[in-house]
Amino acid sequence: LKDSLVFCDAIAMECEQNRELTHKNQLHFTLSRDSAGLYGVTIEQGTYHTFARLLEDNPAIVAGKDFVEHTMKDLLDLASYLHGKGIFHVCYSPNNVLARKGDHTVMLLFHGSAYQAFRDQELLYGDSVSYIAPEVLEEGTVDARSDVYSLGKFMERLYEQSDIPLELKGVVKKATDPNPDSRSQTPH
C-alpha cells in the first residue's frame, strides 16, 4: 500500500484529521517522510493489542463482568463522536479495534472513510472484509449505517463462543441487515 499515491495521500489527510480528535478512545499518530514519500507511522505511546489477539488468547473474557457492555459502549460513543466530525471507521473488525493491555480499554487508530478513494477496498481490508457493509464494497457508499453494520458484526464476534443474549439478537440482526435503509441510522 505504501507504493500507492492514493493511499499515501489518504494517510496524510487522515493524519491532519487525527490531530483534532480528542476522544479518550482515539489513538494519535504522526507520519515520517523522506524525499521518496511516506516511510513510517509513529503511534502514541502505550501497549496495545488487537481484539482478535485478546479474544484468541482469552476467549472467556467476554463472560467477564461488564466486559461486552463497556466495550460496546466505548465503541458506540467513539463512533458517534467520529460521525459528528464526518469520519467513519468503516471496519470494526477485531483486527482493527485495539485494546489497551491491562484494562482492555477500546482504542481506535485509522479510520476507513479516509481511504474511500482507494479503489480496491478488499485489498485495503484483507481478511477483515466480512466486517464491511455491502454498500461500501459495492458502491463505495460510507455513512453512519455502514458503521452500524460493522459494529453489529463486531458484536457477533464477541459472542462467537457463546449465545448472544436474547435482548441483543434483534439489535444485531437489524444492525447487520444487508439493506442500509433497514439498519439503525446512528450507532446508539
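Under 22 Å from Ser182 (Cα atoms), open to solvent by 10 Å² or more (accessible area, probe 1.4 Å) and modelled with pLDDT under 95, is that true of Phe88?
Yes, satisfied.
I need the helices (runs of 4 or more DSSP H) fully contained in segment 75-164, keeping only those with at least 2 residues that are within 26 Å of Arg19 (Cα to Cα) and in contact (Cβ under 8 Å) with a residue 12 or more places away in the chain.
The helices (runs of 4 or more DSSP H) meeting that bar are 121-125, 144-158.
Taking segment 161-183 as the region of interest, how many residues are closer than 23 Å to Phe67 by Cβ and either under 18 Å from the mean Cα position of the chain (by Cα) or of a type in the set (Ser, Thr, Tyr) (or both)?
4
Take Ser113 and decide whether it is surrounded by 19 or more Cβ atoms within 10 Å (Cβ to Cβ) and of a type in the set (S, T, N, Q).
So Ser113 fits the description; yes.
Among Lys73, Lys65, Lys101, which is the only one that is open to solvent by 10 Å² or more (accessible area, probe 1.4 Å), at pLDDT 95 or above and not small (Gly, Ala, Ser)?
Lys73
Can you tell me which residues in segment 5-26 are of a type in the set (S, T, N, Q) and open to solvent by less than 70 Å² (accessible area, probe 1.4 Å)?
Listed by number, the residues that qualify are Gln17, Asn18, Asn25, Gln26.
Tell me which residues, restricted to segment 121-150, are crowded, with 23+ Cβ neighbours inside 10 Å, of a type in the set (A, V, I, L, M) and closer than 21 Å to Leu98 by Cα.
Ile132, Ala133, Val148
The values are calculated or read from the model by the stated rules, or taken from the named source; none is laboratory data. Since the model is a prediction, treat every value here as computed from it, not as a measurement. Positions of Cβ are generated from backbone atoms using ideal geometry, with glycine treated the same way; all protein chains shown enter the neighbour counts. Just so you know, the surface numbers come from the protein's heavy atoms only, side chains and all, with ligands and any DNA or RNA stripped out. Shrake-Rupley method; radii C 1.70, N 1.55, O 1.52, S 1.80 Å.
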